[in-house]
1. How many residues does region 50-74 hold that are more than 15 Å from the chain's Cα centre (by Cα) and surrounded by 17 or more Cβ atoms within 10 Å (Cβ to Cβ)?
2. Kindly establish whether residue 170 is within 15 Å of the ligand (Cβ to nearest atom) and crowded, with 22+ Cβ neighbours inside 10 Å.
3. (1) part of a loop (DSSP other than H, G, I, E, B); (2) over 16 Å from residue 117 (Cα atoms): which one isn't true of residue 54, the others all being true?
4. How many residues, within region 84-114, are under 12 Å from residue 69 (Cα atoms) and more than 10 Å from the ligand (Cβ to nearest atom)?
5. So the check is Cβ under 7 Å with 6+ separation or different chains; which pairs have a first residue in region 93-107 that's farther than 19 Å from residue 10 by Cα and a second one that's within 14 Å of the ligand (Cβ to nearest atom) and assigned to a loop (DSSP other than H, G, I, E, B)?
6. Name the one entry in 81, 34, 15 that is among the small types (Gly, Ala, Ser), over 20 Å from residue 163 (Cβ atoms) and part of a helix (DSSP H, G or I).
7. So for region 124-138 (the condition being free of Cβ contacts under 8 Å to residues at least 60 places away in the same chain, within 14 Å of the ligand (Cβ to nearest atom), crowded, with 18+ Cβ neighbours inside 10 Å and over 17 Å from the mean Cα position of the chain (by Cα)), does at least one residue qualify?
Amino acid sequence: MVADLYQRIQQFYDGSSALWEQMWGEHMHHGHYGPHGTHRKNQQQAQVDLIDTLLSWGQVQQAAHILDAGCGIGGSALYLGDRYQATVVGLTLSPVQAERAQARAAAVGWGDRVRFQVADVLHTPFEDATFDLIWSLESGEHYPDKAQFFRESYRLLKPGGQLLMATWCHRPTQSLAGPLTEAETQQLAALYQLYHLPYVLSLPDYQALAQEQGFQTIRAADWSEAVAPFWDAVIASLGQWQAISGVLTAGWSTLQGVPALFLMQRGFASGLLRYGVLSAHKPT
Ligand SMILES: C[S@@+](CC[C@H](N)C(=O)[O-])C[C@H]1O[C@@H](n2cnc3c(N)ncnc32)[C@H](O)[C@@H]1O
C-alpha cells in the first residue's frame, strides 16, 4: 500500500515539476495574500510572503541545521539556507526533484551547504538530535502515517528544536458542524485520488498528535482565508498556451492534476478544506 502510494507520488512529481517550475516558479505551495486574503500581488511574491509569514509567526530567530521535509525543487531550502546561513538537507520522494534542487544549489554556489536526497521523511537516515528546525511545507498531506511524522521529527530535533509545518486539512469535526458528511467524504476521496494523498486530518487532530508525542508550546492557526486567492490565480494562468501544451506533454499524472485544481478551489470555498499551520518545540 505505502510502496504503491510512494510510487504514485514520485511519478507525479517526477512528471510535473519541470512544468510547475516553468509556469509558477520554484515554490510548490500556496501564497499568502494578507491575513484576510485581500492583498493583491503576483503569485510568486505571495509564495515568498507565505514563507516569511510562517517564519515570523513561528518566531524562528535562528537555526543552524535545518531539515526541509518534502522539499520539492528546493525553493524553501535555498531560501532558509540564505536567511539563516544554515546547512539544510531537503528530502523528497522524487529523484527528478532532488536532482533539480541540487543543481539549483550548485548554481548559487551552495552545493556543499544545501543538500538534497531521495528519502522518506517518516524514516530518515539521520541520527537523533540532528536538527534545530524541521520545516514541512505542504508535504504532510502525502504522509501515510501522520503520527510517525511527529515521532520521527521529535527524534531528529535537538532539545529545544522546532517543528514548523503547513498542511492541507479538512474542517474540524468536533464543532457544531459535526462529522464529515457523505458528500464531503466523497469530495475528499476524489482529491486524495488525484493528488496521491492517503488522507488529511483536521488541525485539532494535528495538534493532538504533536501533544501525544511530547512536543511543547504547540500553536496552530487556520490560514485558509489568507491563501484563498491562490487557486484562482493558478487556474487563471492555465489559459496560457504554455500551460496547455506543457500539461499535455507532461503526461497522464500531470493531466490528472488539472481537475484537482478545481476541486481545491471548491473545497476551500465551501470550508471543507482548510490551510493549517502548526509550530511545536521539543522540550529542552
Ligand atoms: C507539494 S510539494 C511541496 C514542496 C516544497 N515543500 C515546496 O513548498 O516547494 C510536496 C513534496 O513532498 C514530498 N513528499 C511527500 N511525501 C514524502 C515523504 N514521505 N518523504 C519525503 N518527501 C515526501 C514530495 O516528494 C514533494 O517534494
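1. Of the residues in region 50-74, 5 are more than 15 Å from the chain's Cα centre (by Cα) and surrounded by 17 or more Cβ atoms within 10 Å (Cβ to Cβ).
2. no
3. (1)
4. Residues that pass the stated criteria total 2.
5. Taking only residues 6 or more apart or on different chains, the pairs are 104/73; 104/74; 105/74.
6. Just one listed residue meets the conditions, 15.
7. yes
This table checks each residue for (1) surrounded by 15 or more Cβ atoms within 10 Å (Cβ to Cβ); (2) out of contact with any Asp or Glu (no Cβ under 7 Å at 6 or more places or on another chain).
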{"residue": "195", "(1), (2)": "yes, yes"}
{"residue": "198", "(1), (2)": "yes, yes"}
{"residue": "203", "(1), (2)": "yes, no"}
{"residue": "214", "(1), (2)": "no, yes"}
{"residue": "217", "(1), (2)": "no, yes"}
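Bear in mind these aren't lab numbers, they're just calculated from the coordinates by the rules spelled out. If you're wondering where the values come from, they're calculated on a predicted model, not measured in any experiment. Backbone-built Cβ (ideal geometry, glycine too); neighbour counts: all protein chains shown.
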